[in-house]
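So the structure is just underneath, and the comments pick up after that.
The values are calculated or read from the model by the stated rules, or taken from the named source; none is laboratory data. Fair warning: this is a prediction, and the values are worked out from it, not measured in the lab. Note: ideal-geometry Cβ built from the backbone for every residue, glycine included; neighbour counts use all protein chains shown. Accessible surface is based on the protein model in full, side chains and every heavy atom, while ligands, DNA and RNA are left aside. Shrake-Rupley method; radii C 1.70, N 1.55, O 1.52, S 1.80 Å.
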Amino acid sequence: DQVNLEYVELSLKDLYARFAPTDVTLKNFYNENINSYTQPTAWKLTGILISVPNNPSAADWQSALDKANKVIETLNKGGDFSAMAKQHAKVNIPDGMLVLNQVPAELQKAAAGLTASGQISEPIKTAQGVVVLKALEVREPKIESFDQVKDKVRESYVRQHAEEKFAEMRDQLADLTYANPNTLQTAATDMGLTVKTTELFAKDKPGKDISQYKKVRDAAFGNEVLNLQNNSDVIQINPETVVVVRVKSHLASKLLPLKDVSGQIEEKLKSQEADARADQFAQELKSQLDKGGDAQKLVADQKFSWVKLGYVGRYSTKADSAVMDTAFRLAHPADGKVVYGVT
């Protein structure tokens, strides 16, 4: 069986061209979404960890808190942070400037309270122990001007409104093609779309157009579309593209004359015979090896060579997957013995 289809396609990208916002519209959108164009507060942090033992007692926690308070007192009096860190441990915090969601979760609340470079936090109780944070640098939030981000604003505006229109038109497409099951032209005319056509294709052989998608081929050869001659449901090709299809023409399967396919049959028979001979040869060679034949000589006599892979894992790509499957199904060799298999 082969069919070719008529279809209408709704694409998010095609909707972008429908939106041409003015500068006034973009400025309003910019002001409504000002947080999206604001560089958030960022910190460069370091920290000292006063660790606690596994399964710490209340006394262990109190001891760690007391040490942390002494560290803070020393630092606030001008003590050297590096020297204090050497006495305890340094907290594992990513380098560079970090926005809040990049700071380890247990430290975010304390980091948010650090508003100036050099500021020291209160003790923070974490899973590893008590932490004292220091802000090495604090970058205040900065609003990017409209002129700086105008292109980003336009892109966001167009995408947001195109996505809203896409959802609306998808529902409209579903309604129109369902209400008019025998044609796609009504939906195409009402929605400003074009009825397109695919090449002929078979169910199990992807084509170059939308027939490359299995869900399209399955719909095309399903009862609703092929036999009842109705429009398909809306088919999601990808997150940004949907189609509705219907059969334009159908070539039923038929028996081809022998003269037209004799060449194909001959090639298939030759291939089957070659496969059978190769398998027989491999089995005979394996039989000789299993009986203790000289592996190097037997292979050399056939002008073959061994491929040495070394140690490989089950899913190694160093050899064909069929070779790997066979290798890992073989029995574990006894000491000094070799086990052979045929793939």
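Any idea what angle helix 58-76 forms with the longest principal axis of the chain, computed on alpha-carbon atoms, 0 to 90 degrees, nearest 10?
Orientation of helix 58-76: about 70 degrees from the principal axis.
If you take the charge dipole of the chain about its Cα centre, with +1 on Lys and Arg Cβ and -1 on Asp and Glu Cβ, which of 87, 194, 7 is farthest toward its positive end?
In the chain, that residue is 87.
Just to check I understand the Karplus step: with θ = phi - 60° and J = 6.51 cos²θ - 1.76 cosθ + 1.60, what whole-Hz values come out for region 136-145, glycine and proline as x?
Each residue's phi maps through the Karplus curve to give 7, 7, 10, 9, 5, x, 9, 7, 6, 5 Hz.
In terms of solvent-accessible area of protein heavy atoms at a 1.4 angstrom probe, what is the ranking of 86, 125, 150, highest value first? Mind dumping the intermediate values first?
Working: 86 175, 125 130, 150 55 Å².
So the residues, ranked largest to smallest area, are 86, 125, 150.
Quick one, can you get me the convex hull of the C-alpha atoms of region 237-343 expressed as volume per residue in Å³?
Enclosed volume per residue, from the Cα hull, is 238 Å³.
Quick one: dipole size for region 198-263, taken about the Cα centre, charges +1 on Lys/Arg Cβ and -1 on Asp/Glu Cβ, in debye to the nearest 20. Write down the numbers at each step before the final one.
Working: 10 positive and 8 negative charges, 49 e Å.
Computed about the Cα centre, the dipole is about 240 debye.
Of the candidates 167, 110, 20, which one comes out as most mobile in a Gaussian network treatment of the chain with C-alpha springs shorter than 10 Å?
110
Run the helix sum for the chain: -39,500 (n - 2.57) per DSSP H stretch of 4+ residues, divided by residue count, reported at 222 nm to the nearest 500 deg cm²/dmol.
Rounded to the nearest 500, the figure is -13000 deg cm²/dmol.
Please identify every one of the trypsin sites (Lys or Arg not before Pro) in region 296-343 that sits in a loop by DSSP and has no more than 15 other beta carbons within 10 Å of its own beta carbon. Mind dumping the intermediate values first?
Working: sites: 297, 303, 308, 314, 318, 329, 337; in loops: 303, 308, 314, 318, 329, 337.
Those that pass, being in a loop and sparsely packed, are 303, 308, 314, 318, 329, 337.
To the nearest 20 debye, what is the magnitude of the charge dipole of the chain about its Cα centre, counting +1 on the Cβ of each Lys and Arg and -1 on the Cβ of each Asp and Glu?
Here the size comes out at about 920 debye.
P(r) for region 212-290, please, calculated from all Cα pair distances in 5 Å bins and given in %.
3, 11, 13, 10, 7, 8, 10, 10, 10, 8, 5, 4, 1
So how much accessible area does residue 7 have, in Å² to the nearest 10, using a 1.4 Å probe?
Accessible surface of residue 7 is approximately 20 Å².
Quick one: what are the phi-derived ³J(HN,Hα) couplings along region 173-179, Karplus 6.51/-1.76/1.60 with θ = phi - 60°, whole Hz, x for glycine and proline?
Here the 3J(HN,Hα) series is 4, 4, 5, 5, 6, 7, 6 Hz.
Per residue, how large is the accessible surface of the chain? Use a 1.4 angstrom probe and give square angstrom.
Counting only protein heavy atoms, the per-residue value for the chain is 65 Å².
Got a sec? Charge dipole of the chain, +1 on Cβ for Lys and Arg, -1 for Asp and Glu; which of 72, 114, 26 is way out at the positive end?
Ranked along the dipole, the leading option is 72.
Just want the answer: with Cβ charges of +1 for Lys and Arg and -1 for Asp and Glu, which residue in 211, 41, 253 is farthest toward the dipole's positive end in the chain?
Farthest towards the positive end: 41.
Sort 117, 11 by heavy-atom solvent-accessible area, probe 1.4 angstrom, most to least.
117, 11
Of (1) 29.4; (2) 22.1; (3) 21.6, which one was derived for Kirkwood radius over Cα pairs in Å from the structure shown?
For Kirkwood radius over Cα pairs in Å, the calculated option is (1).
Would you grab the residues whose amide H sits under 5 Å from the one on residue 98? Only those 5+ places off in sequence or on another chain, please, with H modelled 1.01 Å from N.
43, 44
Mind ordering 31-42, 256-267 by average Cβ neighbours within 10 Å, highest first?
31-42, 256-267
Starting from the coordinates of the alpha-carbon atoms of region 91-223, obtain the Kirkwood hydrodynamic radius over all distinct pairs and give the value in Å to one decimal.
In region 91-223 this quantity evaluates to 21.4 Å.
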